[in-house]
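The values are calculated or read from the model by the stated rules, or taken from the named source; none is laboratory data. Just so it is clear, the structure is predicted and the values come from calculations on it, not from any experiment. Virtual Cβ from ideal backbone geometry, glycine too; neighbours counted across all protein chains shown. Only protein heavy atoms, including side chains, enter the accessible area calculation; ligands, DNA and RNA are left aside. Shrake-Rupley method; radii C 1.70, N 1.55, O 1.52, S 1.80 Å.
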Amino acid sequence: MLELKNVTHIYSNGTKALDNVSLSIPKGMFGLLGPNGAGKSTLMRTVATLQTPSEGEIRFGDLDILAEPEALREKLGYLPQDFGVYPRVSAYDMLDHMAVLKGVASAADRKATVETLLNQTNLWDVRKKAIAGFSGGMRQRFGIAQALIGNPDLIIVDEPTAGLDPEERNRFLNLLAEIGENVVVILSTHIVEDVSDLCPNMAIISEGQIRMTGAPLDLIEQAKGTVWAKTIERDQLEATRAQYHVISTRLFAGHTIVHVLSDQDPGKGFALVDGGLEDVYFSCLADVRRKATSQAAA
Ligand code: ADP
Ligand code: MG
């Protein structure tokens, strides 16, 4: 169990990237869903002990990770959002090197570890190729391979599916799903399907604040009966926005489908939507925006 209590982070330029974040993250896959700039990477780097928060406490089991970052790092596997420069070193040699750094001292153990991971991530056939020449999907699979060295108890993957094509994304999510239920895996993403496909527990973050936490199915259940849809012409959009609490719009076959939030039937041709996690997410973000606007107006 990973426990964050009142974690705040303010960068030296004054940006408050995390605002009093408290979260309990159980074993299994946990989805941290939020738009760009929400604070996801800041949260991930903070838990990975790469930066110290301005305020707050973080515990992993019995371990106070701010007091003992070294001890946390021994249990940690981390795939950062930006992996930086990709070396002209083969996948095999790079993994071997990283296993040395992780403390896998014996050559025989290292060989076993590296070979297992290359097979698990489907990189065995390209193990002798330079990582610099890998496709996005191969790089991310390599990223998971290096994160899994030394059987970590806490695995952090920061926006791993961004930029992957659908097939690679699927492959990558399947790989994550195999990691197992006995470790804490935190997956950050701005893609709703990553969370709904994979995560039994989740949180929504925006502007540094946790807006919602729970099981996706429970959150969807709570939103039932509140989301309504209607197909409109594009030129009706402004009027619709003025009249209803629009949470999302999308084009379909040249028409615009609007989703609005309402506890009662809005009539006027709106039909109840069997809402999914996307509706939960968009209504959560729309709520935040609406509150900000009404506060600014007051
Ligand atoms: P996300 O990963 O959800 O996109 P980030 O954690 O990267 O969000 O960023 C959260 C906020 O903090 C953004 O406003 C971003 O511009 C700001 N930020 C991130 N890193 C730094 C930094 N090193 N210095 C100053 N501001 C930063
Ligand atoms: Mg990020």
Against the condition within 16 Å of the chain's Cα centre (by Cα) and part of a strand (DSSP E or B), how does Ala203 come out, does it pass? yes
Can we say Gln209 is open to solvent by 10 Å² or more (accessible area, probe 1.4 Å) and within 16 Å of ligand 1 (Cβ to nearest atom)? yes
Residue ranges of strands (runs of 3 or more DSSP E) in the range 1-115 with at least 3 members within 16 Å of ligand 2 (Cβ to nearest atom) and open to solvent by less than 60 Å² (accessible area, probe 1.4 Å): 16-25, 28-33
Being within 14 Å of ligand 2 (Cβ to nearest atom) and open to solvent by 10 Å² or more (accessible area, probe 1.4 Å) narrows Ala177, Ala162, Ala215 down to just Ala162
Of the candidates Asn182, Asn201, the one satisfying the condition of being out of contact with any His (no Cβ under 7 Å at 6 or more places or on another chain), within 30 Å of Thr15 (Cα to Cα) and touching a residue at least 12 places away in the same chain (Cβ under 8 Å) is Asn201
Filter result (closer than 26 Å to Ile205 by Cα and either without any contact (Cβ under 8 Å) to a residue 60 or more places away in the chain or not aliphatic (A, V, I, L, M) (or both)) within the range 258-280: Val258, His259, Val260, Leu261, Ser262, Asp263, Val273, Asp274, Gly275, Gly276, Glu278, Asp279
Arg139 vs (1) away from ligand 1 (no atom under 16 Å from the Cβ); (2) without any contact (Cβ under 8 Å) to a residue 40 or more places away in the chain: all pass except (2)
